[in-house]
1. What helices (runs of 4 or more DSSP H), lying completely within segment 89-204, carry at least 1 residues that are within 16 Å of the ligand (Cβ to nearest atom), of a type in the set (Val, Ile, Thr) and closer than 30 Å to Thr75 by Cα?
2. Regarding Glu124, is this residue free of Cβ contacts under 8 Å to residues at least 12 places away in the same chain and touching a strand residue (DSSP E or B) at 6+ places or on another chain (Cβ under 7 Å)?
3. Please count how many residues of segment 74-85 are assigned to a loop (DSSP other than H, G, I, E, B) and within 17 Å of the chain's Cα centre (by Cα).
4. Given the structure, is Arg74 within 14 Å of the ligand (Cβ to nearest atom), farther than 29 Å from Arg194 by Cβ and surrounded by fewer than 22 Cβ atoms within 10 Å (Cβ to Cβ)?
5. Does Gln241 satisfy the condition of being part of a helix (DSSP H, G or I), away from the ligand (no atom under 16 Å from the Cβ) and modelled with pLDDT of 95 or more?
6. Would you check which residues across segment 229-270 are more than 16 Å from the chain's Cα centre (by Cα), over 17 Å from Lys100 (Cβ atoms) and buried (at least 22 other Cβ atoms within 10 Å of the Cβ) and list them?
7. Name every residue in segment 271-302 that is part of a loop (DSSP other than H, G, I, E, B), over 16 Å from Ser96 (Cα atoms) and not basic (Lys, Arg), in order of residue number.
8. Within segment 244-267, take every residue that is farther than 23 Å from Arg210 by Cα and of a type in the set (D, E, K, R) and give me the one that is farthest from the ligand (Cβ to nearest atom).
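The values are calculated or read from the model by the stated rules, or taken from the named source; none is laboratory data. Quick caveat, the model's predicted, so the values are computed rather than measured. For neighbour counting, all protein chains shown are included, and Cβ atoms are generated from backbone atoms with ideal geometry for every residue, glycine included.
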Amino acid sequence: MIQLYIPLNFLGVIYREIKQSLTDLDKMFTLMDKEREVADAPGAQPLAGLDQPTVRFEDVVFAYDPGVVSTGGRTILQGISFEIPAGKTVAVVGPSGSGKSTLARLLFRFYDIQQGRITIAGQEIRSVTQASVRQAIGIVPQDTVLFNDTVAYNIAYGRPGATQEEIEAAARAARIHDFIASTPKGYATMVGERGLKLSGGEKQRVAIARTLLKNPPILIFDEATSALDSANERAIQAELQGVAQNKTTLVIAHRLSTVVDAHEILVMDAGRIIERGTHAQLLAQRGRYADMWTLQQSDPSA
Ligand code: ATP
């Protein structure tokens, strides 16, 4: 029996590891249709100095098809430079397809860039282990993938081995505890396709709880495009702001109300940063951002 148990237990560990990395990558990284493209450099060491790291993009040029850069083909990012100072929030706005989510994928090192540098705490992400980069980053994606497992299990993905108390504390902070507690089986409730269906807002709260448990120094928020009702949306924004406190945060924003307090806002168009500054500076420039702001004020669903 023991002989059988050990390999099964080992398989369980591998299964959890695979599910963990799937969760981390989540849907925004479209893992299913993509082979893993990056490899650790020989002798790569883990990232160090992760207490409030600074994140920098320096002249980053990127194409999903690497062949096109040298032949002058379609590059997705064309010389992107910005810095997220330690513990601050930088927000990215711009039309669909302008390259916002690509920035997040590159920071997670889902792909390697063709030119330039991306650094975390001064270390180029290409030169350190991928595992340590991904461990340092928490993602709240647009559309959270839940597994056909219990609510507790889904939240504990933030930190395998978390205790029930830690899971509940994270759920409380993400304002999902009361909802979970109101279901007959509580944290043992099955969710996902074959279980309890959660609304978009509830799923995002599970993702926030996961991230709180993981407690990474760097956060990526990919704001949902699908409109939540506005009370729910304001509540989620407030919770996200709480989670982002003192963390180095990249927000991919679809609604400008989210970005007003950001340290810097980058306005992207066709793979370039066309305007940058604080909310007040950008309004004063009366450029693209100011136009977007005026439009959203008159039609909040825009
Ligand atoms: P949205 O607001 O709609 O999410 P976005 O600004 O985040 O858009 P990206 O997802 O970064 O835009 O996409 C930038 C460009 O890269 C788009 O033209 C898109 O078609 C292209 N692109 C995105 N993912 C891939 C991929 N895996 N392979 C090839 N091209 C891609």
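1. Details: elements: 100-107, 130-136, 151-156, 164-173, 177-181.
Answer list for segment 89-204: 100-107.
2. Values: free of Cβ contacts under 8 Å to residues at least 12 places away in the same chain: yes; touching a strand residue (DSSP E or B) at 6+ places or on another chain (Cβ under 7 Å): yes.
Judged against the criteria, Glu124 is a match.
3. Our first condition is that a residue be assigned to a loop (DSSP other than H, G, I, E, B); within segment 74-85, this holds for 74-76, 85.
Cutting the leftovers down to within 17 Å of the chain's Cα centre (by Cα) gives us none.
Qualifying residue count for the region: 0.
4. Numbers: within 14 Å of the ligand (Cβ to nearest atom): yes; farther than 29 Å from Arg194 by Cβ: yes; surrounded by fewer than 22 Cβ atoms within 10 Å (Cβ to Cβ): yes.
Taking the combined requirement at face value, the residue satisfies it.
5. Numbers: part of a helix (DSSP H, G or I): yes; away from the ligand (no atom under 16 Å from the Cβ): yes; modelled with pLDDT of 95 or more: no.
For Gln241, the condition - part of a helix (DSSP H, G or I), away from the ligand (no atom under 16 Å from the Cβ) and modelled with pLDDT of 95 or more - is not met.
6. none
7. In the first step, residues of segment 271-302 are kept if they are part of a loop (DSSP other than H, G, I, E, B); the result is 271, 278, 286-287, 299-302.
Narrowing further to those that are over 16 Å from Ser96 (Cα atoms): 278, 286-287, 299-300.
Scanning segment 271-302 gives Thr278, Gly287, Asp299, Pro300.
8. Filtering segment 244-267 for residues that are farther than 23 Å from Arg210 by Cα and of a type in the set (D, E, K, R), the one farthest from the ligand (Cβ to nearest atom) comes out as Asp261.
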